[in-house]
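Remarks on the structure that follows.
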Amino acid sequence: MGRVAFLHSAPMAFAHRGFSRDGLENTLTAFRAAWDLGFTHLETDVRATHDGALVAFHDERLDRVTDRSGAVAQLDWASVAAARIGAAERVPLFAELAEDLPDAYFNVDVKSAEAVAPLAELIEWMGLHERVLVTSFSDARRRAVLARLSRPVESSSGVESAGAVRLLGAPLPGALLRRAVRDIGALQVPEYFRGLRVVTPPFLARAHRLGLQVHVWTVNEAGDMNRLLDLGVDGLLTDRADVLRSVLEARGTWPPR
């Protein structure tokens, strides 16, 4: 499979933590299932264990989705590896995902400061620069990863960058706004945040004038998918990869380009 730029023409389709109807989020089984459905872009989260292993895991603690407890950052890799998601699946290393699905692209959400250096080291070691989009709620964490890399990778906004476009876009001078988003290619946002509607026609127009894509998370209903695509968003992140595939097939835009 020939390499292309991570961000391609709309609509982009992201399988959020892979695809599992059985609660096996962020597992090799879930990511393989999404790939088998035809999803080339997979969203995952990364955290680092106490001894520096970079794991694909969303929560700060193991408690919600595994049969063990404890904070990932306070446990060693052997302890995390002993946990089972859904009483069946091991927490994977991010390196395992990249190796197991060598043609997949990964939207990587950096969940902790401890994950910054291990992620950058892994991107460098495995040469994943064209296969990742680095994102985080924290622009500081996201930029810390980028600063450690020998060449550019795609990146999407944290809260600060997205807020600058949504709330300050109209009054902020164009040069300052472009500076605020200089190191990103996309804004990944929820449709609503703390009661404020983020994804509006002016927000989309402003983002597109800046050359940015807008990806909305986490959209699981077919009606919402169609409505947002009709509005002009460039991508959707979903837990229901099966539903999004059906929506895009009906719109004549599957497989994603």
- Message: Step by step: find N for segment 103-215, compute 2.2 N^0.38 Å, then divide the Cα radius of gyration by it. What's the final number?
- Response: 1.08
- The helix 28-37 Cα axis meets the longest alpha-carbon principal axis of the chain at an angle in degrees, between 0 and 90 and rounded to 10, of 40 degrees
- Query: Going toward the positive end of the dipole of the chain, with +1 on Lys and Arg Cβ and -1 on Asp and Glu Cβ, which of P118, A56, A147 do you reach last?
  - Reply: A147
- Query: Label points 7 Å out from Cα along the Cβ direction at R84 and R178: separation in nm?
  - Reply: 5.7 nm
- Just the C-alpha atoms of the chain: what Rg/Rh do they give, with Rh taken as the Kirkwood radius? 0.96
- Item | R0 of 51 Å, Cβ-Cβ distance D63-T253: FRET efficiency to nearest 0.05 | 0.85
- Query: Length gain on complete extension for the stretch N220 to D76, per 0.36 nm per residue less the alpha carbon to alpha carbon distance?
  - Reply: 48.4 nm
- Alpha-carbon Rg/Rh ratio, for segment 183-257, with Rh computed the Kirkwood way: 0.96
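Every number here is computed from the coordinates shown, using simple stated rules; none is lab data. What you see is a predicted model, and the numbers here were worked out from it, not measured in a lab. Every residue, glycine as well, gets a Cβ built from its backbone with ideal geometry; the counts of neighbours run over all protein chains shown.
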